[in-house]
Amino acid sequence: MTHPEDVTVQVYAEDPISREGVRGQLTLRDEIRVLPDDGSTPTVRIIAVDRLDESSARTVRRFRVHGAERILLVAGEIDDAGLMAAVAAGVCGVVWRHQATGEELARAAVTVAQGEATLPPDVAARLLTSVGRLQQHVLVPNGLTPSGLSDREIEVLRLVSNGCDTAEIAVRLSYSERTIKGILHDIKTRLHLRNRTHAVSYAMREGLL
């Protein structure tokens with residue numbers, strides 16, 4: 001568990017006024033240490049944007065590629081597509097710009113540093129609505145669950161977790177061994193999983209098994 005006194009942040013914003021505003025708020029907080037942009041790795045990367053949209057999500061992905069694991073967004077406006085894209089890209093928290101006092105920014109940064117998510121209630125409600133629409137219009141018509149796995153794929157992983165080999169799974173589900181191997185390969189490729197054990201662990205974390 002990360003303790004508040006361990007929390008370091010770096011702030012990114014295309015607008016220097018926004019950047020210095022966030023930095024200034026946090027510099028006054030004893031529980032946060034603001035790092036210079038010197039290549040050091042912060043506990044939390046704070047990204048301030050005027051509008052949370054798909055362009056902002058691309059910025060998040062760029063930082064994630066360069067090793068920023070925990071990202072907190074400060075946004076003036078939020079569109080639903082951008083919110084979904086940002087969450088998919090790995091954003092851990094969102095703070096409205098008009099609520100971004102030093103106290104609120106510090107609270108959110110500490111929460112994110114501890115591996116937890118933080119969203120304003122209205123943003124969380126919008127996210128749940130967007131997820132519901134995604135499930136209704138995209139996942140269900142394609143036979144997928146919110147985890148991105150189909151019922152058939154989940155059943156294969158359940159049998160793997162019970163110790164069944166490819167031949168046993170094929171018999172139980174009335175598929176060929178080649179089909180079972182193809183299903184497992186598709187799961188590992190699509191979800192970037194290393195092997196069967198990793199796939200089963202993923203399914204267990206998602207509460208599917």
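No value in this document is a laboratory result; all are computed from the given coordinates. Just so it is clear, the model here is predicted, and its values are computed rather than measured.
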(request) Quick one: grab Rg to one decimal and Dmax as a whole number for region 144-205, Cα atoms only, in Å. (result) 10.6, 29
(request) Sorted from largest down, give the three principal axis spans of the alpha carbons of region 4-137, whole angstrom values. (result) 46, 28, 27
